[in-house]
1. What number of residues within segment 181-240 satisfy the criterion of being aliphatic (A, V, I, L, M), more than 29 Å from residue 125 (Cα to Cα) and touching a strand residue (DSSP E or B) at 6+ places or on another chain (Cβ under 6 Å)?
2. Name every residue in segment 116-139 that is touching a residue at least 12 places away in the same chain (Cβ under 8 Å) and not in a helix (DSSP H, G or I), in order of residue number.
3. Considering only residues that are more than 11 Å from the ligand (Cβ to nearest atom), surrounded by 12 or more Cβ atoms within 10 Å (Cβ to Cβ) and hydrophobic (A, V, I, L, M, F, W, C), which ones fall in segment 223-240?
4. Would you check which residues across segment 56-83 are assigned to a strand (DSSP E or B) and in contact with a helix residue (DSSP H, G or I) (Cβ under 7 Å, 6 or more places away or on another chain) and list them?
5. For residue 94, indicate whether it is under 16 Å from residue 175 (Cα atoms) and either in a helix (DSSP H, G or I) or within 9 Å of the ligand (Cβ to nearest atom) (or both).
6. Identify, by number, the condition in (1) over 12 Å from residue 35 (Cα atoms); (2) acidic (Asp, Glu); (3) in contact with a helix residue (DSSP H, G or I) (Cβ under 6 Å, 6 or more places away or on another chain) that residue 100 doesn't meet.
7. Given the structure, is residue 163 at pLDDT below 95 and in a loop (DSSP other than H, G, I, E, B)?
8. Return the residues of segment 126-145 that are of a type outside the set (S, T, N, Q) and more than 10 Å from the ligand (Cβ to nearest atom); say none if nothing qualifies.
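The values are calculated or read from the model by the stated rules, or taken from the named source; none is laboratory data. Because the structure is a prediction, the values reported are computed rather than measured. Because the Cβ atoms are built from the backbone with ideal geometry, glycine has one as well, and the counts that use them run over all protein chains shown.
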Amino acid sequence: MAWRCSGSSNKELVDNLFRGGLITSSRVRDAMMKVDRAHYCPEPSYAYEDSPQSIGHAATISAPHMHASAAESLLPYLKPGARVLDIGSGSGYLTAVLAELVYPQEADGKGEAGKARVVGLEHIKALRDMGERNMMKSERGKSLLGEGKVSFVVGDGRKGWSEGEDEEKGWDAIHVGAAAVELHQELVDQLRSPGRIFIPVEDPDGYGQHIWTVDKDAKGLVTKKKLFGVRYVPLTDAPK
Ligand code: SAH
């Protein structure tokens, strides 16, 4: 099904994903329209196919329909002005799409949107640098990085990322782009109330993986939900 949604331009790819029902939210469609996937693919001639692509270091840029599904799942928590952590940012593509959702260009820093912050976290420095370099290819990406709305950092995603003072702490949404062996408590601790984590987790029998969402409600109550089967690269120790 997915291959039918490929296109010959970024617009065609996103239109086809929308028409094919792989993107259902117009907010996600508009955000994906604004980020040219060719800037994030080592092989730009395949950038508008709905398929994953190797980016080196045993990492892949996920297929666009997977990025759409992650963004849609987190959408209720991606209000303008939200704080978002993208763990295993790899190519930087989803980091850029998430930034369009929480800091829409139209907002121009006004009102709540001005508080937006998106951090792409990688444990391989070369990939942290790649994400930033890819985003710098567009004027919009350059200004998001220059204004400090988006940053790429190096660290172990299993421990999350802490920054800011008191009311600026924590994350409204955490996306994990690699499969964890467990639902890491440190990520749950760093989640705001309310907030949501989207995370692929290895099945206990070791034979598969499923996407889980972890929600923290306004009172701090945590609920976990198993969604659908997936295949992600593992969330591991950094290579020596
Ligand atoms: N969202 C990215 C996915 C990249 S693949 C994209 O679509 O481009 C998964 C990424 O997770 C890899 O880049 C890998 O280096 C990173 N990763 C794996 N284990 C990690 C860890 N413990 N901490 C941070 N990043 C990790």
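1. Residues of segment 181-240 that are aliphatic (A, V, I, L, M), as a first pass: 181, 183, 187-188, 191, 197, 199, 201, 211, 214, 218, 221-222, 227, 230, 233, 235, 238.
Still in the running and more than 29 Å from residue 125 (Cα to Cα): 218, 221-222, 227.
Now drop any that are not touching a strand residue (DSSP E or B) at 6+ places or on another chain (Cβ under 6 Å), which leaves 218, 222, 227.
Counting residues in segment 181-240 that are aliphatic (A, V, I, L, M), more than 29 Å from residue 125 (Cα to Cα) and touching a strand residue (DSSP E or B) at 6+ places or on another chain (Cβ under 6 Å) gives 3.
2. Once the filter is applied, which keeps residues that are touching a residue at least 12 places away in the same chain (Cβ under 8 Å) and not in a helix (DSSP H, G or I), segment 116-139 yields 116, 117, 118, 119, 120, 121, 122, 123, 124, 137, 138.
3. If the condition is that a residue be more than 11 Å from the ligand (Cβ to nearest atom), surrounded by 12 or more Cβ atoms within 10 Å (Cβ to Cβ) and hydrophobic (A, V, I, L, M, F, W, C), then 227, 230 are the ones that fit.
4. Just the residues of segment 56-83 that are assigned to a strand (DSSP E or B), to begin with: 56, 59-61, 83.
Those that are assigned to a strand (DSSP E or B) and in contact with a helix residue (DSSP H, G or I) (Cβ under 7 Å, 6 or more places away or on another chain): 59, 61.
5. Values: under 16 Å from residue 175 (Cα atoms): yes; either in a helix (DSSP H, G or I) or within 9 Å of the ligand (Cβ to nearest atom) (or both): yes.
In short, yes.
6. So residue 100 meets the others, but not (1).
7. Working: at pLDDT below 95: yes; in a loop (DSSP other than H, G, I, E, B): yes.
So residue 163 passes the test.
8. Filtering segment 126-145 for residues of a type outside the set (S, T, N, Q) gives 126-133, 135-137, 139-142, 144-145.
129, 132, 133, 135, 136, 137, 139, 140, 141, 142, 144, 145, listed by residue number.
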